[in-house]
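Visitor: Quick one: this structure, given as structure tokens, is what I'll be asking you about.
The values are calculated or read from the model by the stated rules, or taken from the named source; none is laboratory data. Quick caveat, the model's predicted, so the values are computed rather than measured. All Cβ positions, glycine included, derive from the backbone under ideal geometry; neighbour counts span all protein chains shown.
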Amino acid sequence: MTDTEIINLFFERSEQAITELDKKHGNAVARVARNILGNTQDAEECVNDTYLGTWNAIPPHKPSLLRTFVCKIARNLATKKYHSNTAEKRNSQYDLALDELEEYLSDSDSVEEEYEAKELGEAINSFLATLNRSDRFIFMRRYWYSDPVQDIAKMADSTTNSVTVRLFRIREKLRQYLEKEGLLV
Amino acid sequence: MKREAITMMLNGVDDNYISETAVFHPEHIQETHERIIHLKKKRIITFALAAALMLALGISAYAAWNIHQKRQSELREQMKIEDNAVTDYKEEKLSDAQIQTEGVTLLSTVNDGEFQKVYVNISPVEPEIARNFGRMEENEDGCMICYDFGFTTDGESFGFATPAILTDTDGTITMEELIDAAYDEETKTFTMECACINTMFSFDKPFDLTLVLFRETQNQNDHTTDGEIIRTFGTVTVYPTENTVRNITFINPYSFENAATGGKGKVIGVNLSSFNVDILVTHDNMENMYSTNVELNEEEREEYLKEQLGWLQAMDELSQSMVLTFSDGSSRKGFGILSSPLENGILINHCGLGNHSIDINNVVKIQIGDKTVWEHQ
């Protein structure tokens with residue numbers, strides 16, 4: 001079934017829409033949730049919440065990219081859940097990915113940081129525009145989709161070593177970019 | 001920056017990037033478009049000749065001739081070929097046979113030390129194809145569709161042709177700006193750069209380069225990509241060009257340290273060419289680090305990665321702090337390492353200079369940070 005047909009089912013308020021959405025994009029949604037939460041039970045709950053969220057959002061929304069739309073909902077729900085979990089439960093790929101970024105993006109100054117979401121969103125999108133597609137893929141798979149490095153290497157037909165090295169260079173570049181933009185002191 | 005801010009930042013990623021990276025888009029590694037280009041406002045067109053050509057060839061052939069000439073001039077200016085006396089850059093003489101409105105026109109070639117770069121004009125490219133270069137769209141079956149330009153020297157393996165950088169910018173360049181500068185809507189001509197790796201041709205003889213447009217269909221479920229050639233623009237014959245290198249060996253090598261392990265390293269010299277700087281390094285445990293035959297268990301791998309990242313960080317820092325000073329007092333600094341092959345016991349950190357050449361014979365001083373490591377006597 002095409003994405004347009006699935007969206008039409010949502011508009012008709014047919015519960016078949018959820019079944020078809022799960023069939024077509026369920027794996028991608030589950031992967032995002034699992035990578036962030038690192039726990040199958042939490043991930044399953046998150047997938048169900050994502051479907052409920054999608055049901056509530058379509059209509060009125062009519063997404064042009066259905067997979068992106070549901071993955072974003074899944075990611076938002078999973079990160080919310082992640083932040084509400086206790087520290088000892090944190091052991092997911094999302095943690096590791098955040099650790100990697102946090103280590104690189106730590107301010108040398110101890111001044112309390114205050115950022116606006118819009119400002120940060122603009123900065124990351126401008127930075128992504130400076131990367132070639134291959135590096136952008138590696139960055140996004142690691143830090144947005146929270147995929148393990150081994151999986152990224154497999155997808156990109158590369159080695160774990162090579163992906164690790166490239167991530168290292170991209171992080172360094174991001175740090176320099178944010179410094180230039182005045183977002184890191 | 002704390003985790004919450006990083007999360008907030010990642011939440012702001014544009015949908016197009018999320019969608020684009022849902023599957024791998026196989027693309028050759030290329031430099032980012034962070035270059036500063038100083039374009040002189042100079043046009044080398046003799047109007048008398050232009051008028052004569054217009055009469056002789058008609059408007060469309062004249063427009064084609066004009067765009068080939070214009071692009072050659074822009075490439076030359078942008079790469080500072082004349083300013084820096086670049087001998088490795090070869091511009092094609094446009095003959096009558098090349099004054100054509102369709103197909104592939106060879107503009108120039110240059111060897112940057114890593115790639116044989118070939119610049120061509122291709123036409124006709126419809127505006128909707130040109131303007132959507134690099135943009136992926138999801139089709140009815142949930143597959144991602146993308147149009148790409150490719151080149152081949154054997155009809156079997158393909159590289160990706162990318163729009164040549166022809167615009168003057170003070171910082172990063174967006175895809176829209178890149179396309180605006182490289183695409184001429186009047187003649188439907190797109191100026192492309194084809195970066196040929198050395199396995200695609202032999203240095204001692206000319207090779208044929210064919211330009212195509214193909215449609216990629218990426219299946220997001222099984223991560224497979226199908227490519228279908230939908231148009232062949234034509235073929236040009238390319239004569240490989242030389243890469244002239246100036247080798248500078250440091251009498252007193254620059255010492256540095258791996259902060260993660262305390263290992264010692266030395267920068268023993270540089271190889272300079274018009275479009276690249278190779279920083280030559282030796283360091284402790286180098287043979288093991290770059291050997292492909294090392295088998296490691298998980299614990300050893302962790303140590304290995306820690307050590308390797310320590311070396312990479314140290315070498316990146318020193319490449320960023322390297323300054324080349326020229327005889328007129330100007331300087332270039334901050335080189336990013338693109339690749340680091342180990343050859344004959346020396347690690348060659350290859351730093352591309354983008355499309356901005358240097359005059360290798362005019363380098364009079366090399367510094368790493370504040371320390372002068374070489375000076376012309």
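Visitor: Please count how many residues of the range A:34-45 are part of a helix (DSSP H, G or I) and over 25 Å from A:Arg13 (Cβ atoms).
Guide: 8
Visitor: Might you let me know whether the range B:242-263 holds any residue that is part of a strand (DSSP E or B) and of a type in the set (A, V, I, L, M)?
Guide: Checking the range B:242-263: at least one residue is part of a strand (DSSP E or B) and of a type in the set (A, V, I, L, M).
Visitor: Output the residue which, of all residues in the range B:134-165 that are closer than 24 Å to B:Ser73 by Cβ and touching a helix residue (DSSP H, G or I) at 6+ places or on another chain (Cβ under 6 Å), is farthest from the other protein chains (Cβ to nearest Cβ).
Guide: The residue in question is B:Ala164.
Visitor: Output the residues belonging to the range B:198-216 that are without any contact (Cβ under 8 Å) to a residue 60 or more places away in the chain and part of a loop (DSSP other than H, G, I, E, B).
Guide: B:Ser202, B:Phe203, B:Asp204, B:Lys205, B:Pro206
Visitor: Going through B:Gln313, B:Gln367 one at a time, which residue ends up being more than 29 Å from A:Glu100 (Cβ to Cβ) and not basic (Lys, Arg)?
Guide: B:Gln367
Visitor: Sticking with this one: Go through (1) more than 7 Å from chain B (Cβ to nearest Cβ); (2) at pLDDT 70 or above; (3) surrounded by fewer than 16 Cβ atoms within 10 Å (Cβ to Cβ) for A:Glu102 and report which single condition fails.
Guide: (1)
Visitor: For the range B:236-259, name all the residues that are hydroxyl-bearing (Ser, Thr, Tyr) and either surrounded by 15 or more Cβ atoms within 10 Å (Cβ to Cβ) or more than 30 Å from B:Val120 (Cα to Cα) (or both).
Guide: Matches in the range B:236-259: B:Thr241, B:Thr244, B:Thr249, B:Tyr254, B:Ser255.
Visitor: Right, another one. In the range A:46-60, how many are part of a helix (DSSP H, G or I) and farther than 11 Å from A:Ala74 by Cβ?
Guide: 4
Visitor: Would you be able to tell me the number of residues in the range A:54-76 that are surrounded by fewer than 17 Cβ atoms within 10 Å (Cβ to Cβ) and away from chain B (no Cβ under 11 Å)?
Guide: 7
Visitor: Would you mind finding the one in B:Phe158, B:Phe133, B:Phe151 that is under 29 Å from B:Asp278 (Cβ atoms) and at pLDDT 80 or above?
Guide: B:Phe151
Visitor: Something else: I want to confirm something. Restricting to the range A:1-27 and keeping residues that are within 12 Å of A:Cys71 (Cβ to Cβ) and buried (at least 19 other Cβ atoms within 10 Å of the Cβ), which single residue is farthest from the other protein chains (Cβ to nearest Cβ)?
Guide: Per the stated criteria, the residue is A:Leu21.
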